[in-house]
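Following: one structure in structure tokens, then a few remarks.
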Amino acid sequence: MADRIAVAVVGCGFFARNHLHAWKDLAAEGVDLVAVCDIDPAKAQAAAAAFGVPHWYDDAERMLREAKPGLVDIVTRVETHLDLVERAMALRVPTIVQKPFGPDLAACRVMVDAARTASVFLAVHENFRFQAPMRRIGELLRSGAIGDPSWARISFRTGYDIYKGQPYLLTEERFVIIDLGVHVLDLARAFLGEVEHLSAELQRRNPNVRGEDTATMLLRHRSGAVSVVECTYECRRLPDNFPETLMEIEGPRGAILLKPGSVLEVTSNGAVTTEDADAPVLEWAERPWHIIQESVLATCAHMLAALRAGREADTSARDNFETFSLCEATYEAARDGRAVRLGGSR
Ligand code: NAD
Ligand code: 89Y
């Protein structure tokens, strides 16, 4: 058994319960959930009671100094990320921060630099590429089942009432790209590689939200592959596939289709196979969120393994900076009505 690691969680709101369950599930892997924190003391206290966590705080800096965690998991909203990450880096505490990494690219750059200067583990909880169907697609691509991908469509379209659990989304000035675009653009990078240029159209189709709720992006990858990446929170088709990402990836030897219900249809060298790539519904999970919930566990497990091995996570701060660059490029491309060329990797 590996040495035990003390984990602390900052933010005890809507999504944090998934992280708290995941860290509890990882107790057998050596995780001790030692402290939770929320600026709302009632939320911190309630989370500590519900998850049997020995200490709760309403001040993150105090928690980091007193509980001295070996890993802190920040599950607050984006406007707090820079401040909390800078505090954790200053105290040299390995850190995971929820998506979206930062409010803008400049803030992301400051966090990447802070981690590099302190030589401390910093990763973004970008969980979509750790979803069960995405893990399987990654395996298939690495096995060469379809050859090097040359075209893809990555699509997240829903009208599910996300505002019920996440009411703050109604008033975000930069909305669907920062909330959901980060996920689908990250999948495009994960499966087709870095991007050379990108064009985009944004729409606000729901008059009750402040920011854009629909995005359609066209990406040319450095490999020569092309992808159409789209996401919307304002789609009225039934059945509604929330929160599934649907996908089509084509290569010289075949194609991978991820269909509703996480059905994976793989054509490889002229033969078609169909498999069920759905995530298990964990004991603490519920439909329709189970794919996301299981991916939180898979993401936390990945982070733990990377930290222990002394390597960067697949979705390290440095890696996620590239995904965030695609978000900024999307806003720029849509605003100016032209393709935006992406800079080199950091
Ligand atoms: P939320 O508003 O429900 O919860 C955030 C909590 O953080 C609140 O309880 C708030 O009091 C607390 N908080 C704010 N500032 C703090 C500080 N300085 N120190 C300690 N606590 C503080 O938000 P949420 O819906 O739980 O979202 C949290 C994050 O998770 C967001 O970045 C969101 O985008 C992300 N999220 C990710 C996924 C995913 O699948 N990856 C899904 C949903 C939400
Ligand atoms: O906020 C979104 C996210 O990041 O994943 C799912 C979500 O909670 C609603 O679409």
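Just so you know, all these numbers are worked out from the coordinates, no wet-lab data involved. What you see is a predicted model; the values in this text were computed from it and never measured. So basically every Cβ, Gly included, is an ideal-geometry build from the backbone, and we count neighbours across all protein chains shown.
What's the local net charge at Arg287, with K and R +1, D and E -1, over the other residues with C-beta under 12 Å away?
My count for the surroundings of Arg287 gives -4.
Between the stretch 93-132 and the stretch 188-266, how many Å separate their Cα centres?
If we compute the Cα centre of each part, the gap is 23 Å.
Diagonalise the Cα gyration tensor of the stretch 182-304 and give the resulting equivalent ellipsoid semi-axes, square root of 5 times each eigenvalue, largest first, whole Å.
Output for the stretch 182-304: semi-axes of 24, 23, 16 Å.
For Phe14, put the label point 7 Å out on the Cα→Cβ axis and report which residues of the stretch 206-243 keep their amide N under 16 Å from it.
Within reach of a label on Phe14, which here means backbone N under 16 Å from a point 7 Å along Cα→Cβ, the stretch 206-243 contributes 208-213, 232-234, 242-243.
Of the beta bridges DSSP finds with both residues in the chain, what % are antiparallel, to the nearest 5?
Around 60 percent of the beta bridges assigned by DSSP in the chain are antiparallel ones.
What does the charge dipole of the chain about its Cα centre add up to, to the nearest 20 debye, if the Cβ of each Lys and Arg holds +1 and the Cβ of each Asp and Glu holds -1?
Rounded to the nearest 20 debye, it is 400 debye.
Once you list every other residue whose beta carbon is under 11 Å from the beta carbon of Glu194, what net charge do they have if Lys and Arg are +1 and Asp and Glu are -1?
Net local charge, Glu194 excluded: 0.
Let me check I have the definition right: for the stretch 82-148, take the eigenvalues of the Cα gyration tensor, multiply each by 5, take square roots. What are those semi-axes in whole Å, largest first?
Calculated on Cα positions only, the semi-axes equal 31, 12, 11 Å.
Return one number: the angle in degrees, 0 to 90 and rounded to the nearest 10, between the long axis of the Cα atoms of helix 81-90 and the longest principal axis of the Cα atoms of the chain.
In the chain, helix 81-90 runs at an angle near 50 degrees to the longest axis.
Where does the charge balance sit around Val263 when Lys and Arg score +1, Asp and Glu -1, over other residues with C-beta under 9 Å from its C-beta?
With Lys, Arg at +1 and Asp, Glu at -1, the net is -3.
State the Kirkwood hydrodynamic radius of the stretch 275-346 in Å, one decimal place, computed from all pairs of distinct Cα atoms.
Its Kirkwood hydrodynamic radius stands at 15.2 Å.
How much of the calculated P(r) for the chain lies past 27 Å, in percent of all Cα pairs?
Beyond 27 Å sits 46 percent of the P(r) for the chain.
Measuring from label point to label point, each 7 Å out along Cα→Cβ, what is the Arg335 to Val281 span in nm?
Placing both labels 7 Å beyond Cα along the Cβ direction yields 4.5 nm.
How high is the relative contact order of the chain? Use alpha-carbon pairs under 8 Å, at least six apart in sequence, and give a whole percent.
18 percent
If you consider only alpha-carbon coordinates, what radius of gyration and Dmax does the stretch 15-101 have, in Å?
12.1, 34
Would you list, by chain and number, the aspartates and glutamates whose Cα falls below 12 Å from the Cα of Lys259, excluding same-chain residues fewer than 8 positions away?
Straight-line reach from Lys259, under 12 Å: Glu244, Glu248, Glu275, Asp276, Asp278.
What's the exposure ranking of Met303, Met134, going from fewest to most Cβ atoms within 10 Å?
Placing the least packed residue first, the sequence is Met134, Met303.
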